[in-house]
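Chemist: I'd like to ask you about the structure that follows.
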Amino acid sequence: MSEKNFSSQELVKYEGHYSENKFWGTLRKYAKKAGVRTVYYALVLYYTLMDPTTPRKYKNVIMGALGYLILPFDFIMDYLPGIGLVDDWGALLAAVAYVITAVTPEHKRQARSKLGEWFPKVSDGELGDLA
């Protein structure tokens, strides 16, 4: 099954579903199922969102992608084994591609630090191109 392709405009429509509490709850709930790379990308986006210097247009897309991630009913239901998080991964990838110029080494460091709480001993190879 291929991932859904998202544009930045499509992601923004989900920004109303974003809340910090729901983000952390969903991430904790699905961390192991989603895997290291998905969690890392979500965390990088989160720390980019929290940075006051990140431009508003990027924050809107990030909130949309993270809102889609925490939305209980989305394109492919998250509880489906093997494929349930594919569309969420697509939303995260689209957001990272759009906001990549706003992602700083500090955002990556913060994400890596938080990731270590759930996945000790993660290698850069497991984090993909965003490492």
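The values are calculated or read from the model by the stated rules, or taken from the named source; none is laboratory data. Please read all numbers here as calculations on a predicted model, not as lab measurements. Please note: Cβ atoms are built from the backbone with ideal geometry, for glycine as well, and neighbour counts cover all protein chains shown.
Chemist: Quick check: anything in the range 28-41 under 18 Å from Leu93 (Cβ atoms) and charged (D, E, K, R)?
Modeler: Yes, the conditions are met somewhere in the range 28-41.
Chemist: When residues of the range 3-32 are filtered for being touching a Gly at 6+ places or on another chain (Cβ under 8 Å) and under 22 Å from Gly125 (Cα atoms), how many remain?
Modeler: Looking only at that region, the number is 1.
To keep it simple, each residue is scored yes or no on (1) modelled with pLDDT of 95 or more; (2) within 22 Å of Phe6 (Cα to Cα); (3) touching a Ser or Thr at 6+ places or on another chain (Cβ under 8 Å).
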position	(1), (2), (3)
Phe23	no, yes, no
Lys32	no, no, no
Ile62	yes, yes, yes
Gly90	no, yes, no
Gln110	yes, no, no
Pro120	no, no, no
Ser123	no, no, no
Glu126	no, no, no
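Chemist: Still on this model: Can you give me the ranges of the helices (runs of 4 or more DSSP H) entirely in the range 1-59 with at least 2 residues that are of a type in the set (Asp, Glu)? Break it down into steps so the answer makes sense when it comes.
Modeler: Working: elements: 8-12, 20-34, 36-50.
Correct list: empty, since no element meets the threshold.
Chemist: Output the number of the condition that Tyr30 fails; it satisfies all remaining conditions of (1) crowded, with 21+ Cβ neighbours inside 10 Å; (2) of a type in the set (Ser, Thr, Tyr); (3) closer than 23 Å to Arg109 by Cα.
Modeler: Exception for Tyr30: condition (1).
Chemist: Next question, about the same structure. Limited to the range 88-102, what total is found for residues that are crowded, with 21+ Cβ neighbours inside 10 Å and either among the acidic types (Asp, Glu) or under 15 Å from Met50 (Cβ atoms) (or both)?
Modeler: 3
Chemist: Mind checking which residues of the range 102-123 are in contact (Cβ under 8 Å) with a residue 60 or more places away in the chain and more than 15 Å from the chain's Cα centre (by Cα)?
Modeler: Looking only at the range 102-123, we keep the residues that are in contact (Cβ under 8 Å) with a residue 60 or more places away in the chain, and these are 107-108, 110-112, 114-115, 118-119, 122.
Listed by number, the residues that qualify are Trp118, Phe119, Val122.
Chemist: Check the range 43-56 and report whether any residue there is modelled with pLDDT under 95 and basic (Lys, Arg).
Modeler: Pass one, the range 43-56, residues modelled with pLDDT under 95: none.
No, the conditions are met nowhere in the range 43-56.
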